[in-house]
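Here is the structure we will look at, set down as structure tokens.
What follows draws every value from the coordinates through simple rules; no lab data is involved. Predicted model only: the values in this text are computed from it and were never measured. Methodologically, a virtual Cβ is constructed for each residue, glycine included, from the backbone with ideal geometry; neighbour enumeration extends over all protein chains shown.
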Amino acid sequence: MATTTKKELVDRIAERTGTRHTLVKTVVHSFLDEIIAELGKGGRLEFRDFGVFETRVRAASPSYAVEEVFWEFSRRNPHWRVCGGGIPV
């Protein structure tokens, strides 16, 4: 399975819709910025028949990587899960 970059995604959308590359790039970038902002606030994004973007709290845990043991703080990690039947191809 190959990796698709944001640039390749923008190119495909621009070609498929006949829209200027710069406009598509702005829309895709704004969309991703909004996802990041919402997750940063601890929010949850749900796209029907696609998936859910949310954050999960990772508990504090001891770190044994150095000689002196210290506790790492809990933090929020992004998480995505598939919902519904997926996107028909």
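Can you pull out the trypsin sites (Lys or Arg not before Pro) in the range 30-60 whose DSSP state is coil and whose Cβ has at most 13 other Cβ atoms within 10 Å?
K41, R44, R48
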> For the residue pair E38 and V82, what label-to-label distance in nm results when each label sits 7 Å from Cα along the Cα-to-beta-carbon direction?
Replying inline: 2.1 nm
